[in-house]
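The structure appears below as structure tokens.
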């Protein structure tokens, strides 16, 4: 991403930093308060399962509405119009998969991680290992996307243009995240998500009302002004776009259309396979509360995406495409520029702080998930054959969190400037291919067995990664990660349309070719537990 | 001494018996009869939308009123359908699933002590 000469000084960097610092102080206070009881594994990994459905629903929204959602989607709508809207629909509809097929059964069956459910009636070690591998991979890509986003954001909001300055900010984000996770555990992290979600959704709602008010509550007029502003762009390619219809971003060729289908598939099937989303279902006391969580999450996330629709077109109409594209951070700057246009320094400061808080909260959620999976699945089950105390699992998890945090800082600095939306889409594609088929099969298909699970998980994971490496996203295109060389032979930037069906098919082939019979008693126990909640983990009494 | 998986409070035989029991089969059938068709419906509806978005630009650009076109209405329709299906499922689960699951839970956890 080339940073054009930033002609625009946006707001007051000191105000932006100040409001963000206030957020950090408040959340740290909450985290420390929440950490009083953080000794047992149940408390560290699940917050004692004591959150209510609505609380967890808000936290899920906080986890899910990442910087890519907020800045990325509003920006894509502002610049490409309708095609940006398509993203948000995939992200929302995906929640029905989680609600109808996964959330409650997962809550009833598992304890700390996704692998608890997947390995329930299969061979523990290999399945846990596979599930942990894909959990760590998905979390790492998602983490990378957030950290890379932080770099672009500081360029715009704190007026820090040097790469070294941005690197320092990325490091600060990483260190804060480590502190949240170490001190607060799942409980502290959840409260950070809740605070952030409330601020983000409230901020977006206020901006939406202000935009609507400017146009006399007439949405059609916003659309008209947005199209007029786009058509008036000095960039001929931008001016030619019809932003009210699909096709501005993905309409160019058959390849880009198929690319779009591939992305749409990964978005809708990826959510219910994201490990940090799945782990949130363990923070509530019962399956019914898990259901309520998803309902709250769907309501909040749906409302938020409707706001971004107004904000995106509003930014096109009020700020204009030329100013957005010329700002440091490119299209990601649409929402902050709109905030400045509407409410000056204060509103921009609030929105900037919220955007930072978003990154911070999401990376904290990812880190606790990944470190729990390492401690619980890899360390305790695979390496130590369950011969570890829970305290030791927590200790290993804390160490893992620090290692992951340091890794994320390093990789985030390297990835600074990469396309955030692409990295997030990639994480969704891996989640949809490597995790979702096995989750669905193990919950609903009696015959499903270990070989099916391993083939599906590793097949989905490896095929996604291989296709990505040989895609135009990595080499052979102007926007590629490694420009200048060309070893791409796979035409699509998003591999989901190949790797997701492949993983589903591999699960079936692996299952039917395996002669190892399933254990009918484990199957009975899993099915009865998953549907009724018999023997499910209870909330920790305080 | 496994620390990650607590031994089940119920015996394997109890789970096998429960799985085979008519009341459990009833719960299972009701869940699947609701969840599978509903999943198919929203996936087909989403696929329709995505395919129209990818290949039928002109149709999606058809103006309906003011600057609002078919594409925007179908897109907003995805929001509406998501909210409606969520509502239907919650009502169904509260009425049909929860009481049955609670009865089975009481039966199994009650026989224990």
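Would you mind calculating the relative contact order of the range A:16-428 from Cα pairs under 8 angstrom and at least 6 residues apart, reporting the percent as a whole number? Show your work: numbers first, answer last.
Values: 703 pairs, mean separation 163.2, N = 413.
Taking the mean separation of contacting Cα pairs over the length of the range A:16-428, I get 40 percent.
Run the helix sum for the protein assembly as shown: -39,500 (n - 2.57) per DSSP H stretch of 4+ residues, divided by residue count, reported at 222 nm to the nearest 500 deg cm²/dmol.
Working: 27 runs with 459 residues, N = 655.
After summing the helix terms and dividing by residue count, I get -23500 deg cm²/dmol.
As an exercise, use a Förster radius of 41 Å and the Cβ-Cβ distance of residue A:384 and residue B:48 to find the FRET efficiency, rounded to the nearest 0.05. Spell out each step's value before the answer.
Values: r = 50 Å, r/R0 = 1.22.
With R0 = 41 Å, the Cβ-Cβ based efficiency is 0.25.
Compute the whole-percent fraction of alpha carbon pairs in the range A:251-369 spaced more than 18 Å apart. The partial results should precede the final answer.
Values: 4885 of 7021 pairs.
Result for the distance tail: 70 percent.
Could you please tell me the mean projected area of the C-alpha convex hull for the range B:63-108, averaged over all directions and given in square nanometres to one decimal?
Details: hull surface 15.3 nm².
Approximately 3.8 nm², given one-decimal rounding.
Could you give the angle, 0 to 90 degrees to the nearest 10, between helix A:82-97's Cα long axis and the longest principal axis of the Cα atoms of chain A?
20 degrees
Mind checking the angle between helix A:420-430 and chain A's longest principal axis? C-alpha axes, 0 to 90 degrees, to the nearest 10.
20 degrees
Mind sorting B:45, A:445 by how few other Cβ atoms lie within 10 Å of their own Cβ, fewest first? It would help to have the intermediate numbers written out before the result.
Numbers: B:45 17, A:445 13.
Listing B:45, A:445 from fewest to most nearby Cβ atoms yields A:445, B:45.
Would you list the P(r) distribution for the range A:121-167, with all Cα-Cα distances sorted into 10 Å bins from 0 and each bin expressed as a whole %?
In whole percents, the pair-distance histogram is 25, 28, 20, 15, 10, 2.
What does the average come to when, for each residue of peptide B:71-83, you count the partner chain Cβ atoms lying within 10 Å of its Cβ?
Working: counts 7, 8, 0, 1, 7, 4, 1, 8, 10, 1, 2, 11, 6.
The mean count of partner-chain Cβ atoms within 10 Å per residue comes to 5.
Under a crude label model (7 Å from the Cα following the beta-carbon direction), how far is residue A:538 from residue A:477 in nanometres?
A separation of 5.4 nm, rounded to one decimal place.
How long are the semi-axes of the ellipsoid equivalent to the range A:320-369, from square roots of 5 times the Cα gyration tensor eigenvalues, in whole Å, largest first?
Numbers: eigenvalues 128, 40, 7 Å².
Equivalent-ellipsoid dimensions as semi-axes: 25, 14, 6 Å.
Cut-off is 10 Å between beta-carbons; in what order do A:118, A:461 appear when sorted fewest neighbours first? Please list the in-between numbers first.
Numbers: A:118 26, A:461 22.
If I rank by nearby Cβ atoms, fewest first, I get A:461, A:118.
Which whole-number percent is the relative contact order of the range B:23-110 (Cα, under 8 Å, 6+ apart)?
Numbers: 35 pairs, mean separation 30.6, N = 88.
Relative contact order of the range B:23-110: 35 percent.
How crowded by other chains is A:282-295, given as the mean number of beta carbons from other chains within 10 Å of each beta carbon? Don't jump to the answer; show the numbers that get you there.
Details: counts 0, 0, 0, 0, 1, 4, 7, 0, 0, 7, 1, 0, 3, 5.
If you average over the peptide's residues, the count of other-chain Cβ atoms is 2.
Testing the spin-label approximation: label points 7 Å from Cα along Cα→Cβ at residue A:236 and residue A:402. State their distance in nm.
5.9 nm
On the Cα set of the range A:118-277, report Rg and Dmax in Å, please.
21.6, 62
How big is the range A:346-397 on each of its three principal axes, counting only the C-alpha atoms and giving the largest first in Å?
Over the range A:346-397, Cα extents along the principal axes are 55, 16, 8 Å.
Kirkwood hydrodynamic radius for the range A:254-320: how many Å is it when counted over pairs of different Cα atoms?
Values: mean 1/r = 0.0675 Å⁻¹.
Taking the inverse mean of 1/r over all distinct Cα pairs, the range A:254-320 comes out at 14.8 Å.
Roughly how crowded by other chains is peptide B:19-30, in terms of the mean Cβ count from those chains within 10 Å of each of its Cβ atoms?
On the way: counts 9, 1, 1, 0, 0, 5, 0, 0, 3, 4, 0, 0.
Per residue, the number of nearby Cβ atoms from other chains is 2 on average.
Work out, in µm²/s and without decimals, the Stokes-Einstein translational diffusion coefficient of the range B:23-110 at 20 °C, 1.002 mPa s, Rh from Kirkwood over C-alpha pairs. If you can, show how the numbers build up before the last one.
Details: Rh = 15.7 Å.
Result for D is 137 µm²/s.
Return, ordered by residue number, the residues of the range A:197-240 whose backbone nitrogen is under 18 Å from a label point located 7 Å along Cα→Cβ of residue B:64.
A:218-224
Need one number: the % of Cα-Cα pairs in the range A:89-187 sitting beyond the 16 Å mark. Display every interim value, and only then the final one.
Details: 3527 of 4851 pairs.
In whole percent, the long-distance tail amounts to 73.
So how far apart, in nm, are the two label points at residue A:519 and residue A:228 if each is 7 Å from Cα heading toward Cβ?
Distance between label points: 7.0 nm.
What is the gain in length, in nm to one decimal, between residue A:258 and residue A:490 on full extension, counting 0.36 nm per residue of separation less the C-alpha to C-alpha distance? Walk me through the numbers before you get to the answer.
Working: separation 232, 0.36 × 232 = 83.52 nm, distance 1.24 nm.
The residue A:258-residue A:490 span can extend by a further 82.3 nm.
Write down Rg/Rh for the range A:16-428, rounded to two decimals, with Rg from the C-alpha atoms and Rh from the Kirkwood relation over Cα pairs. Could you put the intermediate results ahead of the total?
On the way: Rg = 20.9 Å, Rh = 21.4 Å.
Using only Cα positions, Rg/Rh for the range A:16-428 is 0.98.
Compute the helix-to-body angle for A:496-513: its Cα long axis versus the longest principal axis of chain A, expressed 0 to 90° and rounded to tens.
Roughly 10 degrees between the two axes.
For each of A:379, B:46, A:80, count neighbouring Cβ atoms within 10 Å of the residue's Cβ, then give the residues from fewest to most.
Least to most surrounded, the residues fall as A:379, B:46, A:80.
Just the ratio, please: alpha-carbon radius of gyration of the range A:131-210 over 2.2 N^0.38 Å, N its number of residues. Don't skip to the end; give the middle numbers.
Working: Rg = 15.3 Å, N = 80, 2.2 N^0.38 = 11.6 Å.
It is 1.32.
Since every read-out is calculated from the coordinates, none of them should be taken as a lab result. Keep in mind the model is a prediction, meaning the values are calculated, not measured. Counting neighbours? That spans all protein chains shown, and the Cβs are built from the backbone with ideal geometry, glycine included.
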